[in-house]
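Structure record follows, encoded as structure tokens.
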Amino acid sequence: MVPAVDVASFDRVTALAREHGDVRYALGIHPLYVETLADDDLEILEARLGQGGAIAVGEIGLDFFVADHDAPLQERVFRAQLKLARRFDLPVILHVRRAVDAILKQLRNIEVPGGIAHAFNGSRQQADMFIAMGFKLGFGGAMSYEGSRRIRALAAGLPLDSIVLETDAPDMPPAWADGRRNEPANIRRYAEILGELRGIEWHEVAAATTRNAESVLPGLDRV
Ligand SMILES: [Zn+2]
């Protein structure tokens, strides 16, 4: 599952899916890219979603972590994209950083057909609210660091049917990356880590997280 981050990346993710039969893509404008947004970018997104092909709207969301972020602009672009997801009946892939409550508030106002809160890093209570709204929570590289106590405790304690695995490659390198680029192949080791945290075999994790991903992204098995 490969999400776009801005209009310039739409063609790249589309081409990847065309070249590789097992790649699916999402189209959306990432909150860290809203400041370079052109006037007609949301119209381009709407037209591209209307063509079919994308199985989700993403990566979209709010990022209040970076300094000097423009919160009102991020929220305007996020709301517009939630409306597109609702209109095209597509799940969303959410980027949520220091903005869990603000995102939950928008999701209550604009109902979408669920999706994934990727690289989840909130409280158990916030996780439960996402789950109640039809979302799965994404776990990946952060789980591989012994010091990530909260994330590891969440990954161990949440219902297994609420979890999906992700790499966020090339970002969020795992503990063993050692300066090398993060890549999707690491997903297998994340299944092993989650299995260790939960006391089950990695292939049980893999079966469950695959099932979870397919349930929340129905287009995944579309050929
Ligand atoms: Zn993200």
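Over segment 1-44, give the accessible area per residue in Å² for a 1.4 Å probe, as an integer.
That works out to 55 Å² for each residue.
Considering the dipole of segment 101-221 built from charges on the beta carbon (Lys and Arg +1, Asp and Glu -1) around the Cα centre, which of ALA132, ALA207, SER162 is farthest to its positive end?
Working it through, the farthest residue towards the positive pole turns out to be ALA132.
I'd like the distance between the alpha-carbon centres of segment 11-70 and segment 107-155, rounded to an integer number of Å.
Distance between centres, Cα-based: 21 Å.
Based solely on C-alpha atoms, express the radius of gyration and the Dmax of the chain in angstrom.
Considering the chain through its Cα atoms, Rg and Dmax are 16.6, 51 Å.
For every helix of n ≥ 4 consecutive DSSP H residues, a contribution of -39,500 (n - 2.57) applies; sum these over the chain, divide by its total residues, and give [θ] at 222 nm rounded to the nearest 500 deg cm²/dmol. If you can, show how the numbers build up before the last one.
Details: 8 runs with 93 residues, N = 223.
Calculated at 222 nm, the ellipticity per residue is -13000 deg cm²/dmol.
Suppose every Lys and Arg Cβ carries +1 and every Asp and Glu Cβ carries -1, with no other charges. What dipole size does the chain come out with about its Cα centre, to the nearest 20 debye? Write down the numbers at each step before the final one.
Values: 25 positive and 32 negative charges, 112 e Å.
In debye, rounded to 20, the chain gives about 540.
Can you list which of the DSSP-assigned H helices in the chain have a Cα extent of 18 Å or more along the long axis and an average Kyte-Doolittle score of at least -0.5?
71-88, 202-216
Within segment 59-214, what whole-number % of the accessible surface is contributed by carbon and sulfur, with the 1.4 Å probe and all protein chains included in the calculation?
48
Using per-residue counts of other Cβ atoms within 10 Å, averaged over each peptide, order 42-50, 174-182, 84-92 from highest down.
With the highest mean Cβ count within 10 Å placed first, the list reads 84-92, 42-50, 174-182.
Just order 132-138, 108-114 by mean Cβ neighbour count inside 10 Å, highest at the front, would you?
Values: 132-138: 19.3, 108-114: 15.3.
Listed from highest to lowest mean packing, they are 132-138, 108-114.
Projecting each Cα onto the charge dipole of the chain (Lys/Arg +1, Asp/Glu -1 at the beta carbon, about the Cα centre), which of ALA56, ILE29, GLN106 comes out farthest on the positive side?
After comparing all options, I get GLN106.
Can you list residues from other chains, or at least 5 along the same chain, whose modelled amide H is less than 5 Å from the amide H of GLY61?
HIS95
Give me the accessible area per residue for segment 73-223, probe 1.4 Å, as a whole number in Å².
Accessible area per residue, segment 73-223: 50 Å².
The values are calculated or read from the model by the stated rules, or taken from the named source; none is laboratory data. In this text the structure is predicted, and so the values were computed from the model without any measurement. A quick note on method: Cβ atoms are made from the backbone with ideal geometry, for glycine too, and the neighbour counts reach across all protein chains shown. Heads up: the accessible areas ignore ligands, DNA and RNA and are worked out on the full protein's heavy atoms, side chains in. Shrake-Rupley method; radii C 1.70, N 1.55, O 1.52, S 1.80 Å.
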